[in-house]
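Chemist: Below you'll find the structure I mean.
The values are calculated or read from the model by the stated rules, or taken from the named source; none is laboratory data. It should be emphasised that the depicted structure is a prediction, and the values quoted were computed from it without experimental measurement. Cβ coordinates were reconstructed from backbone atoms using ideal geometry, including for glycine residues, and neighbour counts include every protein chain displayed.
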């Protein structure tokens with residue numbers, strides 16, 4: 001995901017201004033070559049040299065990374081030139097990240113933030129989803145009080161080519177994670193099932209998948225372009241006594257809507273457990 005977001009950022013900041021750091025040096029090299037970027041030998045080098053550092057790691061790895069880069073972050077804070085951390089780890093709140101780092105300077109160091117008791121490490125949380133790989137994602141963004149508004153605007157411009165960027169309150173970020181973060185997997189499962197239904201009906205695997213993909217894509221675009229409620233568009237397809245209403249009756253009998261809602265609820269519960 002980090003690499004996908006950086007590819008989208010290239011037209012905005014230029015590949016030569018993007019560096020990668022990874023415990024697998026070969027992986028970092030490959031990512032850098034794909035956009036004309038470069039490689040940092042250590043995570044601390046990235047912190048010392050960057051305006052934004054994207055923490056594109058799994059939630060269970062994040063604590064170790066934060067501990068590793070804490071001294072470099074403290075050094076940047078002390079010189080009044082803080083780097084902005086951008087985390088996409090589910091379950092890690094801004095406050096949790098800042099408490100794990102445990103670093104701060106007096107708010108008087110940054111007069112524009114004199115309303116704060118102390119100036120802690122600036123952190124932005126984002127929640128992208130996998131369609132960002134093709135510039136069709138949706139990316140929720142929320143920022144700590146220590147992040148200047150112009151830095152938030154700059155990040156939004158960096159991310160804009162990866163998809164829709166939506167600024168939200170952090171209190172709903174777990175819900176965003178459960179819906180749009182996990183949601184593509186639910187849609188892929190539906191596409192697979194729809195294609196399997198086509199095979200059951202007599203289509204070849206290739207043709208069934210092609211029709212299923214375009215059906216889902218076209219239907220999503222109908223909702224987006226017409227701004228009509230999905231229920232209205234559904235009724236437009238389901239004529240009285242026809243094939244569609246017969247199929248819908250089976251889906252309702254199988255509690256499709258309730259099952260999908262329960263899946264989002266389960267993902268939300270897991271996101272809260274991680275936090």
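Chemist: Could we say that residue 107 is over 21 Å from residue 51 (Cβ atoms) and either outside the structural domain of residue 48 (by TED's automatic domain parsing) or over 23 Å from the mean Cα position of the chain (by Cα) (or both) here? It would help to see each step written out before you state the result.
Modeler: Details: over 21 Å from residue 51 (Cβ atoms): yes; either outside the structural domain of residue 48 (by TED's automatic domain parsing) or over 23 Å from the mean Cα position of the chain (by Cα) (or both): yes.
So residue 107 fits the description; yes.
Chemist: Looking at (1) under 30 Å from residue 83 (Cβ atoms); (2) in a helix (DSSP H, G or I), which one does residue 166 not meet, given that it meets all the others?
Modeler: All conditions are met except number (2).
Chemist: Sticking with this structure for a sec: Please count how many residues of segment 257-275 are more than 13 Å from residue 175 (Cβ to Cβ), out of contact with any helix residue (DSSP H, G or I) (no Cβ under 9 Å at 6 or more places or on another chain) and free of Cβ contacts under 8 Å to residues at least 24 places away in the same chain.
Modeler: Within segment 257-275, residues that are more than 13 Å from residue 175 (Cβ to Cβ), out of contact with any helix residue (DSSP H, G or I) (no Cβ under 9 Å at 6 or more places or on another chain) and free of Cβ contacts under 8 Å to residues at least 24 places away in the same chain number 3.
Chemist: Which members of segment 21-43 meet the condition of being touching a helix residue (DSSP H, G or I) at 6+ places or on another chain (Cβ under 6 Å) and in contact (Cβ under 8 Å) with a residue 24 or more places away in the chain? Write out each step before concluding.
Modeler: Filtering segment 21-43 for residues touching a helix residue (DSSP H, G or I) at 6+ places or on another chain (Cβ under 6 Å) gives 21-22, 31, 35-40, 43.
Once the filter is applied, which keeps residues that are touching a helix residue (DSSP H, G or I) at 6+ places or on another chain (Cβ under 6 Å) and in contact (Cβ under 8 Å) with a residue 24 or more places away in the chain, segment 21-43 yields 21, 31, 35, 36, 37, 43.
Chemist: I've got another one for you. Residue 221 - would you say it is in a helix (DSSP H, G or I) and over 28 Å from residue 176 (Cα atoms)?
Modeler: Values: in a helix (DSSP H, G or I): yes; over 28 Å from residue 176 (Cα atoms): no.
For residue 221, the condition - in a helix (DSSP H, G or I) and over 28 Å from residue 176 (Cα atoms) - is not met.
Chemist: Could I ask something else about it? State all residues of segment 136-145 that are in contact with a strand residue (DSSP E or B) (Cβ under 6 Å, 6 or more places away or on another chain) and not in a strand (DSSP E or B); if no residue qualifies, say none. Spell out the reasoning first.
Modeler: Within segment 136-145, the first condition is being in contact with a strand residue (DSSP E or B) (Cβ under 6 Å, 6 or more places away or on another chain), and the residues that meet it are 136-144.
Passing the criteria: 136, 144.
Chemist: I'm told residue 11 meets every condition in (1) in contact with a helix residue (DSSP H, G or I) (Cβ under 9 Å, 6 or more places away or on another chain); (2) at pLDDT 95 or above; (3) in a helix (DSSP H, G or I) except one. Can you identify the failing condition by its number?
Modeler: (2)
Chemist: For the structure I just gave you, tell me whether residue 215 is in a helix (DSSP H, G or I) and surrounded by 14 or more Cβ atoms within 10 Å (Cβ to Cβ). Step through it out loud before you land on a result.
Modeler: Details: in a helix (DSSP H, G or I): yes; surrounded by 14 or more Cβ atoms within 10 Å (Cβ to Cβ): yes.
Yes; evaluated as a whole, the condition is true for this residue.
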